[in-house]
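Asks: Sending over a structure as structure tokens; questions will come in a sec.
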Amino acid sequence: METAILRFDAKLLYRKLDRLLGTLDPNRPQRELLKHFLNESFQTLQGDLRLTASLFYEERSDGFSLQKVAGTPGTGVATSLDPSLPSLQLLFRHKVYIYANPDAEESPHRQGVLPRVASAAICVGKKPKRGILFFLLDGGWAREELDFALNTIRAALGARLVEERLRGSMKEAAEIQQSLLLEEPPDFEGYDIACNSIPTEEVGGDFFDFNPLGDQLLGLSIGDASGHGLPAALLVRDVVTGLRMGVEKHLKTTYVFEKLNSVIYRSRLSSRFVSVFYCELEASGSLIYVNAGHPPPLLFHANRIVPLEIGGRVIGPLPEARFRRDFAYMERGAVLVLCTDGILERRNTRGDFFGEDGLKRIVRTNRGAKAQEMIDRLFAAAFDYGAGRPWEDDATAVIVVRK
């Protein structure tokens with residue numbers, strides 16, 4: 001029986017997956033790549049997902065054939081699968097499916113495929129070269145977390161399988177991304193704004209954007225798409241375009257985020273996991289925002305720091321998501337700092353994070369400086385904190401100072 005015991009950090013899960021996928025060689029045949037992934041993913045995620053075994057089936061002309069087993073599945077595992085089975089038809093339709101009750105009609109167990117345990121499956125690739133990964137579940141799993149994890153796994157693995165085919169389009173993707181992202185912030189009376197972004201590859205997964213909504217209102221956003229390179233760049237394109245079009249049409253941020261989540265969830269080429277912070281700043285200092293799983297921007301007042309953290313979970317892994325908006329106020333002289341994990345998780349030689357403490361130190365020691373000076377010192381401090389090593393992750397920040 002499923003329970004609600006398991007709780008893990010979504011971004012920590014993705015980092016595990018990112019490291020796992022980074023070991024895969026896209027030049028391998030799909031079968032060998034998926035066999036390697038099955039074994040490594042079972043070792044890496046066994047505890048998080050409460051797995052007892054994982055199985056990989058490869059599509060052949062006469063059905064699906066068992067290619068690899070990780071863990072201890074027990075007896076009753078079929079060596080071949082008929083694609084007409086109701087359990088597989090559900091999987092082909094949804095791409096991810098959780099068979100919570102092994103005695104239900106749609107259960108693989110009832111159809112002679114798996115032992116009598118709860119299970120889940122993902123389908124990757126395209127007919128006639130699809131692969132099926134089955135996961136046998138132990139006690140203590142929770143539906144929401146498992147659904148989130150498997151959707152993320154399917155999307156990230158699918159992106160990896162098509163990466164080699166798309167690699168030739170990297171230059172074009174970089175040009176498209178650069179045409180979308182602004183190099184300079186707009187003028188907004190009463191405010192001093194600066195921004196910077198350093199990708200680790202030719203195209204990156206971080207973005208910032210500004211959307212003037214009149215003389216008295218400015219929309220600004222920052223985000224961090226899962227992974228690096230082309231899949232992340234494709235996701236950035238979708239998010240930036242969706243935010244611009246949605247906000248201009250509807251002017252309702254929570255509705256726009258919910259629609260954007262639905263669009264990203266259905267996307268097949270993006271890595272489908274992105275944290276986004278969006279706010280609308282009035283010239284008067286009033287600020288409305290939604291935070292979808294992004295590191296909370298910090299609003300520095302003269303005598304206190306306010307984290308802007310209300311919103312919801314990251315965009316993409318689940319078909320439906322709900323978001324809340326919240327309000328803040330920028331006093332005169334206040335500083336708003338938005339950044340991505342590339343800065344906060346910059347490590348020194350001992351493995352310690354630069355973190356919020358490092359960010360706060362830079363802002364406090366540079367109060368009164370122009371926004372551009374402050375952001376230059378922030379990047380310099382974070383880079384030096386890492387002993388001058390290349391950036392491990394895309395690094396992006398936006399600083400807004402109310403004059």
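Where a number appears in this text, it was derived from the coordinates with a stated rule and is not lab data. Bear in mind the structure is a predicted one, so any value in this text is a computation, not a measurement. Positions of Cβ are backbone-derived with ideal geometry, glycine not excepted, and every protein chain shown enters the neighbour counts.
Asks: Based on Cβ point charges of +1 for Lys and Arg and -1 for Asp and Glu, what charge dipole magnitude is obtained for the stretch 181-402 about its Cα centre, in debye rounded to the nearest 20?
Replies: 620 debye
Asks: Using a Förster radius of 25 Å, what is the FRET efficiency between LYS127 and VAL263 based on their Cβ-Cβ separation? Nearest 0.05, please.
Replies: Working: r = 24 Å, r/R0 = 0.97.
The computed FRET efficiency comes out at 0.55.
Asks: Can you compute the modelled spin-label distance between TYR329 and GLN111, with each label point 7 Å from Cα toward Cβ, in nm?
Replies: 6.0 nm
Asks: Among DSSP beta bridges whose residues both lie in the chain, state the antiparallel percentage, nearest 5. Don't skip to the answer; put the middle values down first.
Replies: On the way: 74 of 76 bridges.
Among the beta bridges of the chain, antiparallel pairing accounts for roughly 95 percent.
Asks: Relative contact order of the chain, please, whole-number percent, based on alpha carbon pairs below 8 angstrom and at least 6 residues apart. Please list the in-between numbers first.
Replies: Working: 828 pairs, mean separation 54.2, N = 403.
Value for the chain: 13 percent.
Asks: If we count every other residue with Cβ under 14 angstrom of GLY74's Cβ, Lys/Arg +1 and Asp/Glu -1, where does the sum land? Let's see the in-between values first.
Replies: On the way: positive: ARG116; negative: ASP138.
Summing Lys/Arg as +1 and Asp/Glu as -1 gives 0.
Asks: Could you compute the FRET efficiency for GLU32 and THR365, with r as their C-beta to C-beta distance and R0 at 56 Å, rounded to 0.05?
Replies: On the way: r = 53 Å, r/R0 = 0.95.
Computed FRET efficiency for GLU32 and THR365 comes out at 0.60.
Asks: Of ALA70, SER275, THR253, which is farthest towards the positive pole of the chain's charge dipole, taken about the Cα centre with +1 and -1 on the beta-carbons of Lys, Arg and Asp, Glu respectively?
Replies: Value computed over the given set: ALA70.
Asks: Could you tell me which of GLY388, PHE208, ASN151 has its Cα farthest along the dipole of the chain towards the positive end, charges placed at Cβ (Lys, Arg +1; Asp, Glu -1), taken about the Cα centre?
Replies: Comparing the listed Cα positions along the dipole, ASN151 ranks first.
Asks: For a footprinting-style exposure proxy, rank TYR255, TYR385 by other Cβ within 10 Å, fewest first.
Replies: TYR255, TYR385
Asks: For the stretch 10-168, what's the relative contact order in percent, using C-alpha pairs closer than 8 Å and at least 6 residues apart?
Replies: Working: 253 pairs, mean separation 37.5, N = 159.
Answer for the stretch 10-168 is 24 percent.
Asks: About its Cα centre, what dipole magnitude does the chain give when the only charges are +1 on Lys and Arg Cβ and -1 on Asp and Glu Cβ, stated in debye to the nearest 20? Show your work: numbers first, answer last.
Replies: Values: 51 positive and 53 negative charges, 153 e Å.
Dipole of the chain, to the nearest 20 debye: 740 debye.
Asks: Give the residue from VAL335, LEU218, PHE353 lying farthest towards the positive end of the charge dipole for the chain; charges sit on Cβ (+1 for Lys and Arg, -1 for Asp and Glu) and the dipole is referred to the Cα centre.
Replies: About the Cα centre, the residue reaching furthest to the positive side is PHE353.
Asks: Here is a further query. Give me the extension gain from ASP62 to ASP352: residue separation times 0.36 nm, minus the current Cα-Cα distance, reported in nm with one decimal.
Replies: On the way: separation 290, 0.36 × 290 = 104.40 nm, distance 5.35 nm.
Gain on stretching ASP62 to ASP352: 99.0 nm.
Asks: What size of dipole, in debye to the nearest 20, comes out for the stretch 10-168 about its Cα centre when the only charges are +1 on Lys and Arg C-beta atoms and -1 on Asp and Glu C-beta atoms? Don't skip to the answer; put the middle values down first.
Replies: On the way: 23 positive and 18 negative charges, 102 e Å.
So the magnitude is around 500 debye.
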